[in-house]
């Protein structure tokens, strides 16, 4: 049988399996969505993953850190020297209260799948079920590792623990999807090179003696110093780092004092430092403590600056993008693949892409014809579940296919 005929048979089997499994996977996604768990506490989610894979006759192993899992789906006689195709799904939720109005909204106050990780998990689980059917039909020739990674929303990310746990051993290429409310359902979006940005967390704690607001000259103005940090740090960074690095320092939390007529003795401001490239990232993280100290010195306060290492940019490899593009066009049609821009968001899949070539694709979750939809990390974020069979088709194809010269 010719390779083209063999590919046609395999893709027809994938299509049929996806049609059969979609309702089951939507139900599974809704169950995971209703029971979100934050990073390194994904015990119920991990149990559901293991149970689903084992029911399909696959062997899943929990990661050494206690949550998350991995599973190899192998053809008969597979030699690990051939290298595995890795597929990664992040499984954790965010400490955000849900206001989506969904019937299957989170049952846990203050915790929600507001970034689509429940969708990612359902898709990669679905790939495992599809691959099991391909193997049964004698149509699986690649070895595939399914990676269910905890704690993506933490810093520097659960990918580090997963890598330390050995999930990349024998993996020759690796792929992942991420929900994107800026792309229509039915499409994936790709970019060669950096697709996300470097991200660190910044915390500045200021201390003084405190005092009465009627005698500011006898104390240190903690609130004024916090205001200087909030309004001037980004401006100074923009004059010290090459603007082509796209450095952005945004503050998300400021706290000081409890009453109107007392100067507080301490205060804190927290935010994120982001950059499009590694040189700008490294320079900015070295500059931030120096600039913060200089900004608050006139106020006479003491400053403790902590820059917590986060994640580098996720850099898509040319071959990885080509492989996902091919899978998308074959399974969705030419209109199913579009381009995207680098975002200032962070993604710890970047650590895996530093070790193994591959690519991250954005998965459209915006209902076609909708002008806009709530962004990820928002309490009212909703993913169009029509994205599940889309992501499943693409990842099942890229995992089970072999790149051929000239194709």
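Every number in this text was worked out from the coordinates using simple rules, so none of it is lab data. All figures in this text were calculated on a predicted structure; none of them were measured in a lab. Counting neighbours? That spans all protein chains shown, and the Cβs are built from the backbone with ideal geometry, glycine included.
What the table shows:
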read-out: Label zone at residue 306, where the point sits 7 Å out along the Cα-to-Cβ direction: region 190-225 residues whose backbone N lies under 13 Å; value: 201-206
read-out: The chain: relative contact order in percent, alpha carbon pairs under 8 Å with at least 6 residues between; value: 23
read-out: Considering only the chain, percent of DSSP beta bridges that pair antiparallel, nearest 5; value: 65
read-out: Radius, Kirkwood style, for region 198-311 when every pair of distinct Cα atoms is counted (Å); value: 14.5
read-out: Most mobile of 59, 311, 119 in a GNM of the chain (Cα contacts under 10 Å); value: 59
read-out: Residues listed by number, region 316-352, amide nitrogen under 18 Å from residue 99 label point at 7 Å toward C-beta; value: none
read-out: Region 331-407 shape via C-alpha gyration tensor axes, a/c threshold 1.5; value: oblate
read-out: Three-way shape call for region 14-62 based on the alpha-carbon gyration tensor, with the a/c threshold at 1.5; value: oblate
read-out: Rounded to 10°, Cα long-axis angle of helix 3-34 versus longest principal axis of the chain; value: 50
read-out: Label-reachable residues, region 213-248, where backbone N falls under 15 Å from a point 7 Å from residue 261's Cα toward its Cβ; value: 213-216
read-out: Highest-MSF residue in the chain out of 243, 389, 357 [GNM, Cα springs under 10 Å]; value: 243
read-out: Mean-position separation - Cα centroids, region 113-177 and region 291-317, in angstrom; value: 34
read-out: Distance between region 197-249 and region 322-379 - C-alpha centres, whole angstrom; value: 35
read-out: Overall form of region 106-209 per C-alpha gyration tensor (a/c, 1.5; a/b vs b/c); value: prolate
read-out: Helix axis angle, 43-55 relative to the chain longest principal axis, alpha carbon, degrees; value: 10
read-out: Quotient of C-alpha Rg and 2.2 N^0.38 Å, computed over region 1-149; value: 1.13
read-out: Rounded to 10°, Cα long-axis angle of helix 117-136 versus longest principal axis of the chain; value: 20
read-out: Gain on full stretching of the segment that runs from residue 217 to residue 341 - 0.36 nm per residue minus C-alpha separation; value: 39.6 nm
read-out: Three semi-axes of the equivalent ellipsoid, region 251-407, Cα gyration tensor, whole Å, largest first; value: 44, 22, 11
read-out: Computed [θ] at 222 nm, helices only, for the chain once each DSSP H run of length n ≥ 4 contributes -39500 (n - 2.57); value: -12000 deg cm²/dmol
read-out: Residue of 139, 342, 282 that the Gaussian network model of the chain assigns the largest fluctuation, springs spanning Cα pairs under 10 Å; value: 282
